[in-house]
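Asks: Encoded as structure tokens, here's the structure I'll be asking about.
The values are calculated or read from the model by the stated rules, or taken from the named source; none is laboratory data. The shown structure was predicted, so the numbers you read here are calculated from the model rather than taken from an experiment. Don't worry about glycine lacking a Cβ; one is built from the backbone with ideal geometry, like all the others, and counts go over all protein chains shown.
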2 protein chains.
Amino acid sequence: MADPASLEPSSPRPAAGAAPAAGDPARFDAVVNLCKRRGFVFPSAEIYGGIRSTYDYGPLGAQMLRNVKEAWWQAMVQQRDDVVPIDAAILTNPKVWEASGHLATFTDPLVDCRNCHERWRADQLPDGTCPNCGSHDLTEARPFNLMFKTFVGPVEDEAAVAYLRPETAQGMFVNLVNVVTTMRRRPPFGIAQIGRAFRNEITPGNFVFRTREFEMMELEFFVPPGEAGRWHEYWCGERLAWYRRLGIPGELLRLRQHEPAELSHYSAATTDVEFVFPWGWGELEGIANRTDYDLRAHSEASGVRLEYFDQASGERYLPYVIEPAAGATRTMMAFLLAGYDEDEVGGEPRVVLRLHPRIAPFQVAVLPLSKKEPLAARAREVAGSLRRHWMCDYDDTQSIGRRYRRQDEIGTPYCVTVDFESLEDGAATVRERDSTEQVRLPIEALVGYLEERFEST
Amino acid sequence: MADPASLEPSSPRPAAGAAPAAGDPARFDAVVNLCKRRGFVFPSAEIYGGIRSTYDYGPLGAQMLRNVKEAWWQAMVQQRDDVVPIDAAILTNPKVWEASGHLATFTDPLVDCRNCHERWRADQLPDGTCPNCGSHDLTEARPFNLMFKTFVGPVEDEAAVAYLRPETAQGMFVNLVNVVTTMRRRPPFGIAQIGRAFRNEITPGNFVFRTREFEMMELEFFVPPGEAGRWHEYWCGERLAWYRRLGIPGELLRLRQHEPAELSHYSAATTDVEFVFPWGWGELEGIANRTDYDLRAHSEASGVRLEYFDQASGERYLPYVIEPAAGATRTMMAFLLAGYDEDEVGGEPRVVLRLHPRIAPFQVAVLPLSKKEPLAARAREVAGSLRRHWMCDYDDTQSIGRRYRRQDEIGTPYCVTVDFESLEDGAATVRERDSTEQVRLPIEALVGYLEERFEST
């Protein structure tokens, strides 16, 4: 039995054991397979053959995604005194997208094949030949808007058109005056939002990396124009540190500055937080200096002045915006890829997800050594008391070794085994996932013990 | 100074003070006004004139809505050993809506006026006259589908049609086999989901009560058919108790059984949890016995057997489904209406939101008696330590009396005042919202003190 203090989950690390290295497609395949097998991610409506690049999050994925968002909210809203949240509608007034530039410029160039009538992204046909029939007879490229369109109300005409938001950011811009007035804020301060966004991507793919429907975690941080550079740097540092704190090793992450040619229409400078995916470095989060592009555009289009008036200096200015915009599902995928490991325990191979305890679907599992009473009742009681604090699994089937493996595979940091002796001594065995070390503790000390361990990570 | 034990927030109660009674339209107007003034709810994209019956949740509303969903999740997922969550896509395979019956039957009857070309809901024109021009020359009613339609991919044809989900329930049905297999569950057990849904209502209204985009909290609880009646009763009791536990007085709530004529196409019996709105009793939640309608429909349409095979009895059956389906935004509105109160403090009128501490946007606020250092630094330090546990506001403007009123008005259960004496004695004053009573406590005892109070409510 180990010293309790030693039972802290270690950080995820790339390929500590026999697992394929980070970036190895075999590692990606292993994770995708695990996601399906253990209920993290399912193809959406699979019984109907699914629908391309659309996924439903199963019990473990739903809980993990929730934990990713909660960790972001903690760091970006609750723990800060300079950020407030909002929760805006997905279907809003289309004038928002006209003013933001999305109607005019949020497009991909498409061509039609005149021979077989298939449609393609022009920038993905470098040799100008239809991939379907080989014809060179293609139309000129024309812009295809990536916003999903629908009609609101009973009449399907132009006046009824609305779009599914392609980002949550505009909700923060158009509500700025209401937020500033009701919350009495002044720059530098931020508005945060977590929510779904939709882009009618022509080529979605790479599992949950690029999907048409996705979940964003966005902060719009409003600053005096002269401070934009400094705040951009600040947020790059903060955000990189967030991924590392939650267990992604530094060597799997990097900051990359956009080339001028790849900048979005609103951005003066963008730095991506990137992760080593099997197909190369891929964006987890973009941290953009949106300047006053959006606020200027909305001021002009709406006729409402969005300037901030600084009473101290008597100055009136449009704030600049620094925007750390992260993808929740991509981030979840990065945690899974970074945490995946294969090693040996007692001479047997095992798969283990070395997830940070705050990100793991379950923080703890209770495993009764038998289904019989009164042992089962005692174990359920223990699970009930742990559920007041954390997500707690309960598993009473098959051998204890197999149950440990099942919990290792879904990343549960601690297992609590209730055995026949527990009925006598009121104690249970706690096993830590990464080291597999065990300690025996009084049952009433369990909550405090786990709380301490979770706080120290 | 009061005894600390007495400083517990009282339950919300209808019109304890001078506020208009529950159900009084003046009370409704006061709450809607408060929502706008203090940043709970804004008309969506208000700088563009909004868009009918669409709302954005401001900082306080976003946090309160989050708390409502968190309270539901705690009760319906985390604290139970028989429920697992999922998080399904909003845009899924349209075959789901064909099989569920939504394509054929989720409709309102519409008529066009041949004179002025306006379009109306037939069931809302009892005298057969166009409300716009008074003409009797109306078309026959034809069914109008309430699902929002869009196109996925670059071609707008029938093969590319998709719908925004009008309920989250179908996500649970089509994922049933995947969930049962990966989580090794058997009836009775449930799948829970919180998420946006969309209905192209012809007549939305009553503030956030009926909106085209809304947030649902749904549980699909799968049971052996013979146990459906008993479980339906169980969930009616559980759900009613949930609203009461969170502070809505019993006399503002009721259970109402649907008449046979008002039952949805899938339901054998539905009981609504209703709340006294100013326009009468209105639904917060429907608890339906959906029978095996959905699973049978999806089995037939997909060719995938959705029966459960009970190894013990050798029986194979389609489970029945009991569905408690609640609206998060309606529920938030009910908490606001129930909690709203006006009373007198020290001879001055005040507005106070008697919200349950778990539902209030902020659990605590820190109010430094001065903006000067070192007092401000000490107060910020106190706020920082409270933020580790709760949402904590910080307000250092105007008189302490006005600051108390501001926190009362947004429902903050406790205010912590840091004064010059705090720098000497390391203590602060805690004031409780409902009683306005105050106690002085050591600063290091604050977290424990508040934790205890929140746990006892």
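Asks: Checking the conditions here, which among B:Thr168, B:Thr203 is β-branched (Val, Ile, Thr) and either without any contact (Cβ under 8 Å) to a residue 60 or more places away in the chain or farther than 29 Å from A:Asn33 by Cα (or both)? Lay out the reasoning, then the answer.
Replies: Details: B:Thr168 fails: either without any contact (Cβ under 8 Å) to a residue 60 or more places away in the chain or farther than 29 Å from A:Asn33 by Cα (or both).
Every option except B:Thr203 fails the conditions.
Asks: Of the residues A:Val223, A:Val208, A:Val180, only one is closer than 26 Å to B:Phe198 by Cβ and surrounded by 15 or more Cβ atoms within 10 Å (Cβ to Cβ); which? Talk me through it step by step, then tell me what you get.
Replies: On the way: A:Val223 fails: closer than 26 Å to B:Phe198 by Cβ; A:Val180 fails: closer than 26 Å to B:Phe198 by Cβ.
Selected residue: A:Val208, the only one of A:Val223, A:Val208, A:Val180 that is closer than 26 Å to B:Phe198 by Cβ and surrounded by 15 or more Cβ atoms within 10 Å (Cβ to Cβ).
Asks: Scanning the stretch A:203-249 for residues that are among the hydroxyl-bearing types (Ser, Thr, Tyr) and over 30 Å from A:Ser456 (Cβ atoms), which turns out nearest to the chain's Cα centre (by Cα)? Step through it out loud before you land on a result.
Replies: Going through the stretch A:203-249, the residues among the hydroxyl-bearing types (Ser, Thr, Tyr) turn out to be A:203, A:211, A:234, A:243.
Now restrict to residues that are over 30 Å from A:Ser456 (Cβ atoms): A:203, A:211.
Details: A:Thr203: 20, A:Thr211: 13 Å.
Among those residues, the one meeting the criterion is A:Thr211.
Asks: Testing A:Val161 on (1) modelled with pLDDT under 90; (2) under 30 Å from B:Asp112 (Cβ atoms), one condition comes back false. Which one is that?
Replies: Failed condition: (1).
Asks: Inside the stretch B:165-183, can you point out the residues that are within 7 Å of chain A (Cβ to nearest Cβ) and either part of a loop (DSSP other than H, G, I, E, B) or farther than 18 Å from A:Val41 by Cβ (or both)?
Replies: B:Asn175
Asks: Which residues, counting only those in the stretch A:201-213, are more than 14 Å from B:Leu164 (Cα to Cα) and either at the interface with chain B (Cβ under 10 Å from one of its Cβ atoms) or among the β-branched types (Val, Ile, Thr) (or both)?
Replies: Of all residues in the stretch A:201-213, those more than 14 Å from B:Leu164 (Cα to Cα) come to A:201-211.
Those that are more than 14 Å from B:Leu164 (Cα to Cα) and either at the interface with chain B (Cβ under 10 Å from one of its Cβ atoms) or among the β-branched types (Val, Ile, Thr) (or both): A:Glu201, A:Ile202, A:Thr203, A:Pro204, A:Val208, A:Thr211.
Asks: Please list, ordered by residue number, the strands (runs of 3 or more DSSP E) wholly in the stretch B:279-323 having 1 or more residues that are within 30 Å of B:Phe214 (Cα to Cα) and touching a Phe, Trp or Tyr at 6+ places or on another chain (Cβ under 7 Å). Outline the logic, then answer.
Replies: Working: elements: B:280-291, B:308-310, B:315-317.
The strands (runs of 3 or more DSSP E) meeting that bar are B:280-291.
Asks: Of the conditions (1) over 25 Å from B:Val83 (Cβ atoms); (2) modelled with pLDDT of 95 or more; (3) β-branched (Val, Ile, Thr), A:Val382 satisfies every one except a single condition; which number is it?
Replies: The failed condition is (1).
Asks: Where in the stretch A:339-457 are there strands (runs of 3 or more DSSP E), lying fully within it, with 1 or more residues that are hydrophobic (A, V, I, L, M, F, W, C) and within 14 Å of another protein chain (Cβ to nearest Cβ)?
Replies: Counting at least 1 such residues, we get A:364-368, A:392-394.
Asks: Shifting gears a bit: One residue is enough: does the stretch A:341-358 have a residue meeting the conditions at negative phi, of a type outside the set (A, V, I, L, M, F, W, C) and buried (at least 24 other Cβ atoms within 10 Å of the Cβ)?
Replies: Our first condition is that a residue be at negative phi; within the stretch A:341-358, this holds for A:341-345, A:348-358.
After this cut, where a residue has to be of a type outside the set (A, V, I, L, M, F, W, C) as well, the list is A:341-344, A:348-350, A:354, A:356-358.
Add one more test, that the residue is buried (at least 24 other Cβ atoms within 10 Å of the Cβ), and what stays is A:354, A:357.
Within the stretch A:341-358, one or more residues are at negative phi, of a type outside the set (A, V, I, L, M, F, W, C) and buried (at least 24 other Cβ atoms within 10 Å of the Cβ).
Asks: Search the stretch A:325-336 for residues that are in a helix (DSSP H, G or I) and pair each with any residue that is surrounded by fewer than 24 Cβ atoms within 10 Å (Cβ to Cβ) and of a type in the set (D, E, K, R) when their beta-carbon atoms are under 7 Å apart and the residues are at least 6 apart or on different chains.
Replies: A:Ala328/A:Lys69; A:Ala328/A:Glu215; A:Thr329/A:Glu215
Asks: Let me ask another. Pairs, please: C-beta under 6 Å, at least 6 apart or cross-chain, first residue of a type in the set (D, E, K, R) and in the stretch B:340-363, second assigned to a loop (DSSP other than H, G, I, E, B) and surrounded by 24 or more Cβ atoms within 10 Å (Cβ to Cβ)?
Replies: From residues that are of a type in the set (D, E, K, R), the pairs are B:Asp341/B:Arg354; B:Arg354/B:Pro12.
Asks: Further question on the same structure: Output the number of the condition that B:Ala261 fails; it satisfies all remaining conditions of (1) more than 14 Å from chain A (Cβ to nearest Cβ); (2) aliphatic (A, V, I, L, M); (3) surrounded by 15 or more Cβ atoms within 10 Å (Cβ to Cβ).
Replies: (3) is the only condition that B:Ala261 fails.
Asks: Could you grab me the full set of residues in the stretch B:121-164 that are within 11 Å of chain A (Cβ to nearest Cβ), touching a residue at least 24 places away in the same chain (Cβ under 8 Å) and assigned to a loop (DSSP other than H, G, I, E, B)?
Replies: Result: B:Leu146, B:Met147, B:Phe148, B:Val152.
Asks: So, in the stretch A:30-66, of the ones that are aliphatic (A, V, I, L, M) and facing another protein chain (nearest Cβ under 7 Å), which residue ends up nearest to the chain's Cα centre (by Cα)? Give the steps one after another, and end with the answer.
Replies: Initial filter on the stretch A:30-66 (aliphatic (A, V, I, L, M)): A:30-32, A:34, A:41, A:45, A:47, A:51, A:60, A:62, A:64-65.
Restricting the remaining residues to those that are facing another protein chain (nearest Cβ under 7 Å) gives A:45, A:47, A:51, A:62, A:65.
On the way: A:Ala45: 22, A:Ile47: 26, A:Ile51: 22, A:Ala62: 11, A:Leu65: 6 Å.
Out of the qualifying residues, it is A:Leu65.
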